[in-house]
Amino acid sequence: MTRLVGASAAAAALSGCASVDRNAHADALAAPAHLQRETVRTDSFSLTAYARITRRDAPIDVYIEGDGLAWVSRTQPSLDPTPREATGLALAAADRAANVAYLARPCQFTPMSDNPRCAVRYWTGARFAPEVVASMDQALDAIAARAPGQGIRLIGYSGGAALAVLIAARRHDVVSLRTVAGNLDSEYVNRIHHVSAMPASLDPIDVAPQLRDLPQLHFSSDADAVVPPAVAERFVAATGPRCARWHVVNGIAHDGDWARAWPALLRIDVRCEGR
């Protein structure tokens, strides 16, 4: 019997596979927010980004996309992980900060011909592999250079939350961390869905203690059947309550309209106790 690799397979099984021009959809999301599409080249992957940088003296809100269309069924991986809905990009488009940037995951949006290293493993069992984290971190260097010394406010959606955590543990310029429907404990998420472990990937909960002094807020939904609120609760417990909190919203499915709620959620303060 074939076993699934990761919670993204569960998400694929819970949603349909309607045909859509995924690149055109992303461009349409980004255009009203004046987010300009570009390619960031790293040692391992060429990553698609969208950015709006209007002030060099302000921090940058950086969004990391979810796992995308990693699976087309419960047992069949996709040949192209580019997301249909691009929820991470929709969140970025709803952010009215002066400086906003978005990073797609390896092999999303960017043509495979520009990514000779792309292979199915990088959106299934190795999607949080060390080389993936290193590539995203390198791309973040290029983005951070546009507002030198101002800091990064990092936001990750779904599997992008796992990478946001893993990247934050490597950097010294991340001033806050927010996650949305975040896979913050991949071993636990895979276990509750009875799917395969991911030995080629890093697990974000393993670095939680390293983030004990980073202001962070993790959003979950009581209607999320893919990454339930218990995942954020476990991560906060592993991090410590001084700087980490989790917040449950009502009625938004894992791949639901988080962007509609996002402006209000962004207004919730992210800080450590005593500061």
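The values are calculated or read from the model by the stated rules, or taken from the named source; none is laboratory data. From a predicted model like this one, the values you see are computed outputs, not experimental measurements. Cβ sites come from the backbone with ideal geometry, for glycine too, and all protein chains shown count toward neighbours.
Worth a mention:
- Among the candidates Val195, Val180, Val175, Val227, residue that is over 20 Å from Tyr63 (Cα atoms) and in contact with a strand residue (DSSP E or B) (Cβ under 8 Å, 6 or more places away or on another chain): Val195
- Residue selected from region 100-123 under the condition modelled with pLDDT under 95 and in contact with a strand residue (DSSP E or B) (Cβ under 9 Å, 6 or more places away or on another chain), by the criterion surrounded by the most Cβ atoms within 10 Å (Cβ to Cβ): Thr110
- Checking each residue in region 235-275 for being in a helix (DSSP H, G or I) and within 18 Å of the chain's Cα centre (by Cα) picks out Phe235, Val236, Trp258, Ala259, Arg260, Ala261, Trp262, Pro263, Leu265, Leu266.
- Cross-chain or 6+ apart pairs with Cβ under 6 Å, region 144-162 first and more than 12 Å from Leu91 (Cα to Cα), then of a type in the set (D, E, K, R) and in a strand (DSSP E or B): Arg153/Asp61
- Residues that are of a type in the set (Asp, Glu) and surrounded by 15 or more Cβ atoms within 10 Å (Cβ to Cβ), drawn from region 193-240: Asp203, Asp206, Asp224, Glu233
- Pairs with Cβ under 7 Å, 6+ apart, first in region 60-81 and at positive phi, second modelled with pLDDT of 95 or more and crowded, with 24+ Cβ neighbours inside 10 Å: Gly68/Pro81; Gly68/Pro83; Gly68/Arg105; Gly68/Gln108; Gly68/Trp123
- The condition of being within 18 Å of the chain's Cα centre (by Cα) and among the charged types (D, E, K, R) holds for only one of Arg52, Arg22, Arg41, that being Arg22.
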